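Right, one structure below, let's go through it.
The values are calculated or read from the model by the stated rules, or taken from the named source; none is laboratory data. Note that this is a predicted model, so its numbers are computed, not measured. With ideal geometry, Cβ positions are generated from the backbone for all residues, glycine too; neighbour counts draw on all protein chains shown.
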Amino acid sequence: MRPMHILLITLSNIGDVVLATPVIELLGQRFPGLRIDLAGDARSLSLLAGTPGLVRCFSKDKARMHRGVWHLLKDLRGERYDLAVDLRSPLIGHLTRARRALCVPWRGRPAGRHAAEDHVAVLRPLLGAVVPPPVRLHVPAGESAWAAERLAALPRPRVAIAPGANWAPKMWPSGAYAALMQELAPAVGSWVILGSPADRAAAGPLLGQRDRAVLDAVGGTGLLQAAALLQHCDAFVGNDSGLGHMAAAVGLPTLTVFGPGQPERYRPWSPQARVIVAAGRDLAALAPGPVAGALRDLLAGLTGSEHDPQRVA
């Protein structure tokens, strides 16, 4: 029997793409041997390069504005899919040449408290009511080996920190992260600092602690390389950002600090994910002590010298 060929249309942000991976997992369980095409933001979709059964990725040319949507639709209509799953809009999936389309509703209340539950609810006509599995990224073997070699000299446990975010009020002050590193010095072997080039200023106080084993990976990796580095760490602490979702999706215990935002809806979707919400939703008021205590608990829960990530090639 010919394997199913499915198109999945995702949202654009890094966290949204990661939160779409439960949909991919469920489709793979339902259709063994699945072939899948992805449509979305080119940079975010790079995280899914190791997805089993991936055939092609399509992205909109942002420079073309609205014309980019029509060019993308023209590309998508070049294939006769068995199924189109549209997590982005109630319309695009129906405009493809797919034999069947499942799309987000035009209007209506969220299907669940969390965004992952909303995504999976799009599959309800096909699968019925299901609980989303944890998020999962498949890191290719080449990137995983590169990360293992780069981190080999760093003592364990290794803790990854992401001090940046896409909005200043969502960022715990850098000085607080530096104080966290000092307080946890006896319990942490080394630190891996991650972020985009825009996060250099936020990372400065963390990178300046030369008396500790610190790897500077801020602005120095692509998304898939960052995911590979996370895969070889033991825990993660950071702001409400895409890196926290990525950490959860490679099997890391995560601790996310929230100020403004909706942790009940956008926290990492993993049984190993914890959150701390600042009083008054003001991260400037969040002291390092409670965060250090929560991170100690995460580290105490590790078995052996290494966490047990979702090791996939």
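Miscellaneous remarks
- Any hit, the stretch 204-223, residues being surrounded by fewer than 18 Cβ atoms within 10 Å (Cβ to Cβ), closer than 17 Å to Ser144 by Cα and touching a residue at least 12 places away in the same chain (Cβ under 8 Å): yes
- The residue that is nearest to the chain's Cα centre (by Cα), counting only those in the stretch 33-43 that are modelled with pLDDT under 95 and of a type outside the set (Asp, Glu), is Arg43.
- In the set (1) surrounded by fewer than 19 Cβ atoms within 10 Å (Cβ to Cβ); (2) in the same structural domain as Val250 (by TED's automatic domain parsing); (3) within 30 Å of Val85 (Cβ to Cβ), the condition left unmet by Ala162 is number (1).
- Residue in the stretch 69-128 that is farthest from Asn13 (Cα to Cα), counting only those that are among the acidic types (Asp, Glu) and without any contact (Cβ under 8 Å) to a residue 24 or more places away in the chain: Asp75
- Any chance Leu230 is within 26 Å of Ala185 (Cα to Cα), within 20 Å of the chain's Cα centre (by Cα), buried (at least 21 other Cβ atoms within 10 Å of the Cβ) and modelled with pLDDT of 95 or more: yes
- Note on the stretch 86-149: enclosed helices (runs of 4 or more DSSP H) holding 1 or more residues that are surrounded by fewer than 16 Cβ atoms within 10 Å (Cβ to Cβ) and out of contact with any helix residue (DSSP H, G or I) (no Cβ under 6 Å at 6 or more places or on another chain) are 92-95, 124-127.
- Single match in Leu27, Leu8 (criterion: outside any loop (DSSP other than H, G, I, E, B) and closer than 22 Å to Arg265 by Cα): Leu8
- Residue within the stretch 35-47 that is assigned to a helix (DSSP H, G or I), closer than 29 Å to Trp167 by Cα, of a type in the set (Lys, Arg) and not assigned by TED's automatic domain parsing to the domain that holds Gly222 present: yes
- Selection of first residues in the stretch 1-19 that are farther than 26 Å from Asn166 by Cα and of second residues that are charged (D, E, K, R) and part of a strand (DSSP E or B), restricted to Cβ pairs under 9 Å at least 6 apart or on distinct chains, gives the following pairs, ordered by first then second residue: Pro3/Arg35; Met4/Arg35; His5/Arg35; His5/Asp37; Ile6/Arg35; Ile6/Asp37; Leu7/Asp37; Leu7/Asp86.
- Residue satisfying condition, being at pLDDT 95 or above and in contact with a Phe, Trp or Tyr (Cβ under 7 Å, 6 or more places away or on another chain), within set Ala49, Ala98: Ala98
- Qualifying positions in the stretch 250-298 - loosely packed, with under 14 Cβ neighbours inside 10 Å, of a type in the set (A, V, I, L, M) and without any contact (Cβ under 8 Å) to a residue 40 or more places away in the chain: Ala279, Ala285
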